[in-house]
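Here the structure is laid out as structure tokens; the discussion comes afterwards.
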Amino acid sequence: MRLVFAGTPEVAVPALDALIASGRHEVAAVVTRPDAPAGRGRRLVASPVAERAEEAGIEVLKPNRPRDEDFLARLREIAPDCCPVVAYGALLPRVALDVPTHGWVNLHFSLLPAWRGAAPVQHSLMAGDEITGASTFLIEEGLDSGPVYGTVTERIRPTDTSGDLLTRLAFAGSGLLAATMDGIEDGTLKPVPQPAEGVTLAPKITVEDAQVVWAAPALRVDRVVRGCTPAPGAWTTFRGERLKLIQVTPVSERTDLAPGQLAAGKNNVYVGTGSYAVELVWVQAQGKKPMQAADWARGVRIGASETLGG
């Protein structure tokens, strides 16, 4: 088939690579978000998908909005059979959805209908799911509600962060997306409507969502930290300044600390929660680089009655 691939961040690159490497389909163009400011100088930088497409000599389209008439006109000129999508980052209007013969097919990082929305991996971790996966589905105007072509499953490991899990799903999902394109082309794959039961929503995680509540149980604290790593980053406050929490470990035998209460030893730093303590492993103070929590504690000289989170 003649394809136009839509995607923006690094997590979409494995799927683009898989489609380029398949040899069965032609990636005629790539649609991605416009260049965005990045780094200290805030200079405009192309998306990872745009960079990869340019390396491969593929035409790159960067509409400000996918309903822009010049973009739609070019899309019609290319006349794609299908448009595979991975984390493009903009809503597609009906006028764009109607252009390709076989529609737009999205690779979504959950087992639909669970975790529809922008942050499925983060929400899956924060909810304590043991199994997740990826799904390919035909895009409709509803939120991730279209019929499903196929799925792959992935076990969530006890120490997974959202970054770890998303990386594995990106590679597993790339094979699923390529296989979905094959099945659509040869007519062996038909999308199945999602069940009405089991729908959960996964809206974007805000900075406010990432604030750790020390009155919550230790397992919840651990899930929030892992779910928000690397972005937007779990955090708390210490002496009125923000402290980023990169890694914690629940310690079930330590039950003597009140929620938020700190206890620093020579090589360990513990914080009380609503159940038992967690050990701080890696933290990042405001304006500083990430460091081991024991090194941070030695530097700030934690007092006997000090707490996190006010």
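The values are calculated or read from the model by the stated rules, or taken from the named source; none is laboratory data. Predicted model, so just to flag it, every value in this text is computed and none were measured. When we count neighbours, we look across all protein chains shown, and the Cβ atoms used for this are built from the backbone with ideal geometry, even at glycine. Just the protein is used for accessible areas: all its heavy atoms, side chains included, with ligands, DNA and RNA removed. Shrake-Rupley method; radii C 1.70, N 1.55, O 1.52, S 1.80 Å.
Using a 1.4 Å probe on the protein chains only, how many percent of the accessible area of the chain belongs to carbon and sulfur?
51 percent
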The value for the chain (convex hull of the alpha-carbon atoms, volume per residue, Å³) is 143 Å³
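Could you do me a favour and compute the accessible area per residue for segment 147-248, 1.4 Å probe, result in Å²?
50 Å²
On a 23 Å Cα-Cα criterion, which of the cross-link pairs Lys62/Lys190; Lys266/Lys288; Lys62/Lys244 come out too long? Don't jump to the answer; show the numbers that get you there.
Details: Lys62/Lys190 31 Å; Lys266/Lys288 21 Å; Lys62/Lys244 34 Å.
Over 23 Å apart, Cα to Cα: Lys62/Lys190; Lys62/Lys244.
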Ile20 neighbourhood, Cβ < 14 Å, K/R = +1, D/E = -1, net charge -3
For Asp70, placing the label point 7 angstrom along Cα-to-beta-carbon and taking segment 31-56, residues whose amide nitrogen sits under 20 Å are 31-37, 44-47, 50-51, 54
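Given the Cα-Cα distance of Glu141 and Ala172 and 0.36 nm per residue of separation, how much length would full extension add, in nm?
On the way: separation 31, 0.36 × 31 = 11.16 nm, distance 2.61 nm.
Separation in residues times 0.36 nm, less the Cα-Cα distance, equals 8.6 nm.
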Taking Cα atoms only, helix 69-78 is inclined relative to the longest principal axis of the chain by an angle, in degrees rounded to 10, of 60 degrees
Around Ile58 (Cβ within 15 Å, Cβ-to-Cβ, excluding Ile58; K/R +1, D/E -1) the net charge comes to -2
Between Glu77 and Met291, the two model label points (7 Å from Cα along the beta-carbon direction) sit apart by a distance in nm of 5.6 nm
For the chain, the longest principal axis of the Cα atoms and the Cα long axis of helix 218-227 enclose an angle in degrees, to the nearest 10, of 40 degrees
